[in-house]
Amino acid sequence: MTDSLPLGRIAGIKVGLNWSVLVIAAYLVFALNTSIFPATNPDIGGNTRLAMSISAAVLFLLSILLHEIGHAVEARRDGMRIDGITLWMFGGVAKFRGMFPSAGAEFRIAIAGPLVSLALGLGCMGVSRIGGIPEPVDAVAAWLAYINLALLVFNMLPALPMDGGRVLRSILWAKTGNFAKATRIAGSLGRGFGGLMMVGGLLMAFAGGSAFSGIWLAVIGLFLLQASAGETRAAVAHDALRSRTVGDVMEPQPLTVQASASLDEFAAFARWTGAGTMTYPVLDGERPVGIFPTGVLMALPEGHRDTPISSLMIPMNEIPVFTPETPALDAVEALRSIALRQGLVLEDGRLVGLVTLDGLAQAVRETTTQPSDTVEPPA
């Protein structure tokens, strides 16, 4: 999910707005202006009702942002790194780097957002009950109270990746000492809720109910189903790699090519080795200087057979570099952030291996296909 519009920083945390928020904002304004406010405040019309609808939609998005800031601020207190907050179609996402340091930390981070929503809901309820305030203000405050409290209840369903699911996982993790098992339980509930929402939404859409609301509920259910499965896979991968190093999962002594070699010489070398390798570490003598992705050959015009590899390689300053002792989980974080998804492994300046996301995924598969009765929680 990519931020399409940076909004700056709040409490030192980068905030972005995904284009999909515009869809939700437009629908909210439409629904408030044509259905909700006419039903609750029929005497208000025209430009005033439209202004109320726009204000309520903007304040609702601000409520979601404050909810996510609650998560992010608490995460920072617990020592986690925060890449930022993105508002998008399904609400907001606070993007943390790495795993939760402990069950207690996950509980505090997970519950912080709902507590913000609770405070906002009760605060808006209090405003709506103040006597003598203008009717438009009262109507907007009452709707914001309702929507914040309704979303609080929905968000606290015990299903990953929702806040209630994270709270449940943290409790199970603390009780069993088994992070992966706790994730599987909370993730199963997430997939169950997601499936029910999809079925319920489709029935609502095609059995005489509200078509839009039913389809929207089904879409949310599909998102929950996929996100729960993703959380479970991430937990399994984390558990499989947490005690392993890059040296355990790298490709040792990969085939290399000299920076001074021409494309003709490289082609002859590739034919001779018979390798289907897609990337080659590039050396200048014995010194690593880059990686050559063979895919660039397809985009290269004819008549460049004498072009040296050095002019087509990806240089070292654009490649993640690890040592054999680097934790495998650190390599996962680094490789996810680049398109190449490969890095070099050096020891005392010498090339000793190549590490790839595919290789890390294979290590996870090999580990998880072996039965194990004990799974340690992440440090």
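The values are calculated or read from the model by the stated rules, or taken from the named source; none is laboratory data. Everything quoted here is computed from the prediction, not taken from an experiment. Don't worry about glycine lacking a Cβ; one is built from the backbone with ideal geometry, like all the others, and counts go over all protein chains shown. Calculation scope for accessible area: heavy atoms of the full protein, side chains included, ligands and nucleic acids excluded. Shrake-Rupley method; radii C 1.70, N 1.55, O 1.52, S 1.80 Å.
Condition first: within 26 Å of the chain's Cα centre (by Cα) and open to solvent by less than 50 Å² (accessible area, probe 1.4 Å). Can you find one or more residues in the range 201-211 that meet it?
Within the range 201-211, one or more residues are within 26 Å of the chain's Cα centre (by Cα) and open to solvent by less than 50 Å² (accessible area, probe 1.4 Å).
Open to solvent by 50 Å² or more (accessible area, probe 1.4 Å), over 22 Å from Ser102 (Cα atoms) and touching a Phe, Trp or Tyr at 6+ places or on another chain (Cβ under 9 Å) - does that describe any residue in the range 135-145?
Keep residues of the range 135-145 that are open to solvent by 50 Å² or more (accessible area, probe 1.4 Å), which gives 135, 137.
Keeping just the survivors that are over 22 Å from Ser102 (Cα atoms) gives 135, 137.
Restricting the remaining residues to those that are touching a Phe, Trp or Tyr at 6+ places or on another chain (Cβ under 9 Å) gives none.
No.
What about Thr323, is it exposed (fewer than 15 other Cβ atoms within 10 Å of the Cβ) and at pLDDT 90 or above?
Answer is yes for this residue.
Is one or more of the residues making up the range 121-139 basic (Lys, Arg) and modelled with pLDDT of 90 or more?
No: the range 121-139 contains no residue that is basic (Lys, Arg) and modelled with pLDDT of 90 or more.
Rundown of residues vs (1) over 20 Å from the mean Cα position of the chain (by Cα); (2) at positive phi, yes/no style:
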site: Arg77; (1), (2): yes, no
site: Arg81; (1), (2): no, no
site: Trp88; (1), (2): no, no
site: Gly91; (1), (2): no, yes
site: Phe107; (1), (2): no, no
site: Leu115; (1), (2): yes, no
site: Ala119; (1), (2): yes, no
site: Leu122; (1), (2): yes, no
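Mind checking which pairs have a first residue in the range 229-244 that is closer than 11 Å to Phe179 by Cβ and aromatic (Phe, Trp, Tyr) and a second that is open to solvent by less than 20 Å² (accessible area, probe 1.4 Å) and at pLDDT below 85, Cβ under 8 Å, 6 or more apart or different chains?
none
Only one of (1) open to solvent by 20 Å² or more (accessible area, probe 1.4 Å); (2) in a helix (DSSP H, G or I); (3) not aromatic (Phe, Trp, Tyr) fails for Leu255. Which number is that?
Among (1) open to solvent by 20 Å² or more (accessible area, probe 1.4 Å); (2) in a helix (DSSP H, G or I); (3) not aromatic (Phe, Trp, Tyr), Leu255 violates only (2).
If I filter the range 346-356 for residues that are of a type in the set (Lys, Arg) and modelled with pLDDT under 90, do I get at least one hit?
No, the range 346-356 contains no residue that is of a type in the set (Lys, Arg) and modelled with pLDDT under 90.
I'm trying to understand the selection: among the residues of the range 14-50, which are under 30 Å from Asp83 (Cα atoms), out of contact with any strand residue (DSSP E or B) (no Cβ under 7 Å at 6 or more places or on another chain) and open to solvent by less than 80 Å² (accessible area, probe 1.4 Å)?
Val23, Ile24, Ala25, Ala26, Leu28, listed by residue number.
Just a yes or no: is a residue in the range 40-50 more than 29 Å from the chain's Cα centre (by Cα) and small (Gly, Ala, Ser)?
Yes, the conditions are met somewhere in the range 40-50.
Could you say which residue among Thr277, Thr374 is outside any helix (DSSP H, G or I), out of contact with any His (no Cβ under 6 Å at 6 or more places or on another chain), modelled with pLDDT under 90 and closer than 18 Å to Leu255 by Cα?
Result of the check over Thr277, Thr374: Thr277.
Can you tell me which residue within the range 214-250, out of those that are open to solvent by 30 Å² or more (accessible area, probe 1.4 Å) and of a type in the set (Ser, Thr, Tyr), is modelled with the highest pLDDT?
So, considering only residues that are open to solvent by 30 Å² or more (accessible area, probe 1.4 Å) and of a type in the set (Ser, Thr, Tyr), the one modelled with the highest pLDDT is Thr245.
Suppose we keep only residues that are part of a strand (DSSP E or B) and open to solvent by 10 Å² or more (accessible area, probe 1.4 Å) within the range 72-86. Which one would you say is farthest from Ile220 (Cα to Cα)?
Arg81
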